[in-house]
1. Any residue at all in the stretch 181-192 that's over 16 Å from Pro33 (Cβ atoms) and in contact with a Lys or Arg (Cβ under 6 Å, 6 or more places away or on another chain)?
2. Are there any pairs with C-beta distances below 8 angstrom linking a residue in the stretch 159-170 that is farther than 10 Å from Ala60 by Cα to a residue that is open to solvent by 90 Å² or more (accessible area, probe 1.4 Å) and hydrophobic (A, V, I, L, M, F, W, C), with the two at least 6 apart or on different chains, and if so which?
3. Tell me, which residue of the stretch 21-41 that is in contact (Cβ under 8 Å) with a residue 12 or more places away in the chain and part of a loop (DSSP other than H, G, I, E, B) is most open to solvent (accessible area, probe 1.4 Å)?
4. State whether the residues of the stretch 193-210 include one that is open to solvent by less than 60 Å² (accessible area, probe 1.4 Å), among the aromatic types (Phe, Trp, Tyr) and part of a strand (DSSP E or B).
5. Any chance you could count how many residues in the stretch 86-115 are touching a helix residue (DSSP H, G or I) at 6+ places or on another chain (Cβ under 7 Å) and acidic (Asp, Glu)?
6. Can you confirm whether Val44 is over 12 Å from the mean Cα position of the chain (by Cα) and buried (at least 16 other Cβ atoms within 10 Å of the Cβ)?
7. Kindly provide the set of residues from the stretch 110-120 that are touching a residue at least 40 places away in the same chain (Cβ under 8 Å) and either open to solvent by 80 Å² or more (accessible area, probe 1.4 Å) or in contact with a Pro (Cβ under 9 Å, 6 or more places away or on another chain) (or both), ordered by number.
8. Could you list all residues from the stretch 121-151 that are more than 19 Å from the chain's Cα centre (by Cα) and either in a loop (DSSP other than H, G, I, E, B) or surrounded by fewer than 13 Cβ atoms within 10 Å (Cβ to Cβ) (or both)?
Amino acid sequence: MIAPLTLYLDVPFTTFRESHAREMGKTYPVPPPATVYGMLLSLVGETNVYRHCGVELAIAMLSSPKKSRILRQMRRFKNVDFSHPENVIPCYQEILSNVKCLIWVRSDEEKIQPSLRDRIQLAFDHPELVRRFGCLFLGESDQLIKTIKLVSEDYLEGVRKWAIRDNRGRFTLPYWVDHVGSGNTRFLRYRIEEMPSSPPPNLAWTIIQSPI
């Protein structure tokens, strides 16, 4: 077994829009596994979302983000004409400020080589070899990552707020998102638990799997 990678992320402001929110853009309190997976694919320049199915992620918050609310234009497609005024409405959206977290990446169950873990390592060792486009963000496309770096597992030792898989947990987070409709989006339930654990507890790991 190859040791997991640990990444530190600092995002000044972001939102992780709840999949079932309708009238207001509510946010999850932690980055969902599906969001983190998409960000990691962007980091290594991968456009095929199925390529690294089997990778496992663990997420721990280091900060306690402040939640605020803004008013912005949102799209609700009621008219087939994309530019029709009916498709744009004002809507409140929740925003998280000062998001700092650790992400662990483990590729023991991946079937393809190089694994996502190895490609992330290569992206930091030799960034000139990575072919990617656009800015690196976590959440929506205007919510840019300020800092992302590889760190040791015991980086900033202390109490961490882990996303722990729990069938009776309070939060339902997506680990796979269907961007064409929503029929194949998949969720798991989680609780947020504070503990000074390193390495990640077993139930902090989420495997990224396609439903098809």
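1. Within the stretch 181-192, not a single residue is over 16 Å from Pro33 (Cβ atoms) and in contact with a Lys or Arg (Cβ under 6 Å, 6 or more places away or on another chain).
2. none
3. Looking at the filtered set, the residue picked out is Glu23.
4. No, the stretch 193-210 has no match at all.
5. Of the residues in that region, 1 qualify.
6. yes
7. Correct list: Lys111, Arg117.
8. Asp125, His126, Pro127, Glu128, Leu129, Val130, Arg131
The values are calculated or read from the model by the stated rules, or taken from the named source; none is laboratory data. This is a predicted model, so every value here is computed, not measured. Glycine gets a Cβ as well: all are built from the backbone with ideal geometry, and neighbour counts include every protein chain shown. Note: accessible area is taken over every heavy atom of the protein model, side chains too, but ligands, DNA and RNA are not part of it. Shrake-Rupley method; radii C 1.70, N 1.55, O 1.52, S 1.80 Å.
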